[in-house]
Structures are given as structure tokens and as C-alpha cells.
Amino acid sequence: MNRDRLKVFTGTANPVLAEKICGHLGVPLGECTLGTFSDGEICMQINENVRGADVFVVQSTCTPVDRNIMELLLMMDALRRSSAKRITAVLPYYGYSRQDRKDRPRVPISAKLVASLLVTAGADRVLTLELHAGQIQGFFDIPVDHLFSAPVMVEYFRQLDLHDLTVVSPDAGGVERARAFAKRLTAPLAIIDKRRERANVAEVMHVIGDVRGRNCLIIDDLVDTAGTLVKAATALLEQGASSAYGCCTHAVLSGPALDNIEGSDLTELVVSDSIPLSNRAQRCGRIRQLSVARLLAGAIESIYEETSISRLFV
């Protein structure tokens, strides 16, 4: 199919991933200029014709979160005002996704606010990866394609060929995600029962399931401070597990995360490139990064060609 009307742009959040996506699609990355005025305001300009084009803007809303969100909003506004036919916001990582409900008095539902901002700025549809809560799709009144990194991660662990493998959910809320992995890897499932006293502090209580003598794979959507992951790995080894691997889509890795991982009982933490790794994280021998560029490129191709993306869930 002719891809003359397919255009991909990116901000400063994750240009390496955007380049990889374009490589799989066989199209050049769109040209734009992003800068900052002396007072800190972002300025930007699209440097090529997009009239009538099907445009995809790749931008993870990771650290610095607010700047990356603002870049995305400004790019989509510029594209809309330049007569792009359709604008798809491609968010490999959707920032503010953990603030998806009112769990305390007088707090915002930030994930909904970000969704409203994206639509107001000009998004006609959203393509995203591994939302913290699938219900966030309902915050949008436009089509949302919600992908999972499971095909990429499962293939890696199949090649690793770990014997006596047990897939572990680090909490009750992640059981569905872990069960999907366990089914694909033909492995039993265990659950970590934990109590979170306050944000970013997790206390592991006990392991539900037999992990003695097993190689354990802890599955989560994201790792922030790595407190939950590290304590889960310790709990598994205390229950007689042979090893503990970690796997997550979004490597947020804030605060003491790298110190926690480097001093942990984890054999390896496997992450995607939805968020770029810091230089220190790239040097960490316990972290392995896999690319989701082919997965996202496949979804972009299907959206552009108006075909089903169901094949990407196999």
C-alpha cells in the first residue's frame, strides 16, 4: 500500500524508539523543531507539509512528565491547524495513569484530565501500551487501541527456557496480567500478598502458591522505585525459590530504584523501551531492555491501512 500520506513525528521524550518504529514502517521520521524560550515556554514548528496526512505522534509522557505532555499537546495542535487529516497520539507510556480514581477526599482524577487534554489538543485516536488500568480507555470519547508488551516479553522468556518456571503476580491487582503470561508460558501461577501503607512503600506479607525449587518470574506493568519488586523477590527466595526474575513494560525507575535493584536478589529485570533508560540504568547488569518498536509499528500500519490489530495480541 502507498504510504505517502503516512507521517510519524516525535518529541524529545523517546526519539530513539520513534526512529526504530519508522525503520520498521519504512518511512522517514517527520521533521519538526522543538525549542524553549528564555522564560521556559516550549516553542515548536512542523517543518513539512502535513495537509491531508495520516499523522502519528510518538511521545511517552515519562520524566520530565509535564514537559513531555506539553510537547505532545503543542505538536497535535500544530498538526490540527496544519490540516492533517487524522492525528493519532502514540503513547508508549501514559503518564498519570496511576491517578485513575478518587481514592482519597479532594484529589483529582489526573488520568482523566490528561485524556481530556489530548482530545482537546486534536487527537482523533490514541495508541497506547500497557495502561496501568484498562478502564482508562473509557476516559476517552475517541477510539483507543490498547496494546500489551506480552508478545515481546513471552518470546524472550521462551528463548531463555527456564525450567520449573512459576509466574508470580506482585499483588492481587496484577493477577489477570500474570495469568495471561502463565498461560502463554505453560507455567503455574503464584501471588504475592502485600500491604501498601503509603505511596511508593510496599510491605510484602506472604506468598500464595508453592514456589519451592522453582524459577520465579514476577510480572508487573511498571517498576517505579522497585520497592515492591525487590521485596517480592526476597519473599520468593525465602520461600525456597531457586531464582527470581522481574518483567515489566515501563521502566519508570525513579528515586532509589537502581540502588534497590542492584542490591536485590533479582537475577534479571526485563523491561521494554517504552521509556528510555538513563545512562546508569543502561550500565546496570541486572536490567535487560527489549524493544516494542516492531509491535507499535505493526499497530500503526494496521491503523493506517484500516485493518484489525488483533494479530498483535497473539
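Filtered by the rule that a residue be touching a helix residue (DSSP H, G or I) at 6+ places or on another chain (Cβ under 8 Å) and surrounded by fewer than 22 Cβ atoms within 10 Å (Cβ to Cβ), the stretch 76-96 gives D77, R80, Y96.
Every residue, every condition in (1) touching a residue at least 12 places away in the same chain (Cβ under 8 Å); (2) at positive phi; (3) not in a loop (DSSP other than H, G, I, E, B); (4) not hydroxyl-bearing (S, T, Y), yes or no:
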| site | (1), (2), (3), (4) |
| --- | --- |
| V27 | yes, no, no, yes |
| D39 | no, no, no, yes |
| E48 | yes, no, no, yes |
| R51 | yes, no, no, yes |
| V57 | yes, no, yes, yes |
| D66 | no, no, yes, yes |
| E71 | yes, no, yes, yes |
| L79 | yes, no, yes, yes |
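Taking the listed residues A190, A180, the one that is among the small types (G, A, S), under 18 Å from the mean Cα position of the chain (by Cα) and either over 30 Å from R81 (Cβ atoms) or in a helix (DSSP H, G or I) (or both) is A180, with no other qualifying.
Take the residues in the stretch 156-175 that are in a helix (DSSP H, G or I) and in contact with a helix residue (DSSP H, G or I) (Cβ under 9 Å, 6 or more places away or on another chain), then tell me which one is nearest to L217 (Cα to Cα).
Start the filter on the stretch 156-175 by keeping residues that are in a helix (DSSP H, G or I), which leaves 156-160, 172-175.
Then drop every residue that is not in contact with a helix residue (DSSP H, G or I) (Cβ under 9 Å, 6 or more places away or on another chain), which leaves 157-158.
Details: F157: 9, R158: 12 Å.
Ranking the candidates gives F157 first.
Name the one entry in V314, V271 that is out of contact with any Asp or Glu (no Cβ under 8 Å at 6 or more places or on another chain) and modelled with pLDDT of 95 or more. Quick ask: steps written out before the conclusion?
On the way: V314 fails: modelled with pLDDT of 95 or more.
None of the others qualify; the one that does is V271.
Filter the stretch 215-225 down to the residues that are touching a residue at least 40 places away in the same chain (Cβ under 8 Å) and within 16 Å of L258 (Cβ to Cβ), then identify the one that is surrounded by the most Cβ atoms within 10 Å (Cβ to Cβ). Steps first, answer last, please.
Within the stretch 215-225, the first condition is being touching a residue at least 40 places away in the same chain (Cβ under 8 Å), and the residues that meet it are 215-223.
Filter once more, so that each one left must be within 16 Å of L258 (Cβ to Cβ): 222-223.
On the way: L222: 18, V223: 27.
Within the stretch 215-225, the match that is surrounded by the most Cβ atoms within 10 Å (Cβ to Cβ) is V223.
Just to be sure, is I218 touching a strand residue (DSSP E or B) at 6+ places or on another chain (Cβ under 7 Å), among the β-branched types (V, I, T) and not in a strand (DSSP E or B)? Against the criterion (touching a strand residue (DSSP E or B) at 6+ places or on another chain (Cβ under 7 Å), among the β-branched types (V, I, T) and not in a strand (DSSP E or B)), I218 does not qualify. For the stretch 48-56, the criterion of being over 27 Å from D141 (Cα atoms) and not aliphatic (A, V, I, L, M) is satisfied by at least one residue.
Based on this model, can you work out whether V270 counts as of a type outside the set (F, W, Y) and in contact (Cβ under 8 Å) with a residue 40 or more places away in the chain? When the stated conditions are applied, V270 passes them. Here D145 clears all of (1) modelled with pLDDT of 95 or more; (2) outside any strand (DSSP E or B); (3) of a type outside the set (V, I, T); (4) buried (at least 17 other Cβ atoms within 10 Å of the Cβ) except the condition numbered (2).
Say whether the condition of being touching a Lys or Arg at 6+ places or on another chain (Cβ under 8 Å) and surrounded by fewer than 21 Cβ atoms within 10 Å (Cβ to Cβ) is met by at least one residue in the stretch 177-184.
Taking the stretch 177-184 and keeping what is touching a Lys or Arg at 6+ places or on another chain (Cβ under 8 Å), we get none.
Scanning the stretch 177-184, I find no residue that is touching a Lys or Arg at 6+ places or on another chain (Cβ under 8 Å) and surrounded by fewer than 21 Cβ atoms within 10 Å (Cβ to Cβ), so the answer is no.
Of a type outside the set (F, W, Y), touching a residue at least 12 places away in the same chain (Cβ under 8 Å), surrounded by 19 or more Cβ atoms within 10 Å (Cβ to Cβ) and in contact with a His (Cβ under 8 Å, 6 or more places away or on another chain): does that describe T128? Yes: the conditions hold for T128.
Considering only the stretch 9-43, state which residues are of a type in the set (G, A, S), closer than 12 Å to L296 by Cβ and more than 18 Å from the chain's Cα centre (by Cα). Give the steps one after another, and end with the answer.
Let us first name the residues in the stretch 9-43 that are of a type in the set (G, A, S), namely 11, 13, 18, 23, 26, 30, 35, 38, 40.
Next, from what is left, pick out any that are closer than 12 Å to L296 by Cβ: 18, 23.
Once the filter is applied, which keeps residues that are of a type in the set (G, A, S), closer than 12 Å to L296 by Cβ and more than 18 Å from the chain's Cα centre (by Cα), the stretch 9-43 yields only G23.
Listed by first and then second residue, the pairs linking a residue in the stretch 291-304 that is within 15 Å of V55 (Cβ to Cβ) and modelled with pLDDT of 95 or more to a residue that is of a type in the set (S, T, Y) and surrounded by 18 or more Cβ atoms within 10 Å (Cβ to Cβ), with Cβ atoms under 7 Å apart and 6 or more places separating them unless they lie on different chains, are I303/T88.
Kindly check whether there is at least one residue in the stretch 112-123 that is outside any helix (DSSP H, G or I), at pLDDT 95 or above and basic (K, R). Steps first, answer last, please.
Narrowing the stretch 112-123 to residues outside any helix (DSSP H, G or I): 122-123.
Now narrow it down to the ones that are at pLDDT 95 or above: 122-123.
Next, from what is left, pick out any that are basic (K, R): none.
No, the stretch 112-123 contains no residue that is outside any helix (DSSP H, G or I), at pLDDT 95 or above and basic (K, R).
Scanning the stretch 81-106 for residues that are in contact (Cβ under 8 Å) with a residue 12 or more places away in the chain and either in a strand (DSSP E or B) or on the phi > 0 side of the Ramachandran plot (or both) yields S83, R86, I87, T88, A89, V90, L91, Y96.
The values are calculated or read from the model by the stated rules, or taken from the named source; none is laboratory data. Computed from a predicted model, the values in this text were never measured in an experiment. No Cβ is skipped: glycine too gets one built from the backbone with ideal geometry, and neighbour counts run over all protein chains shown.
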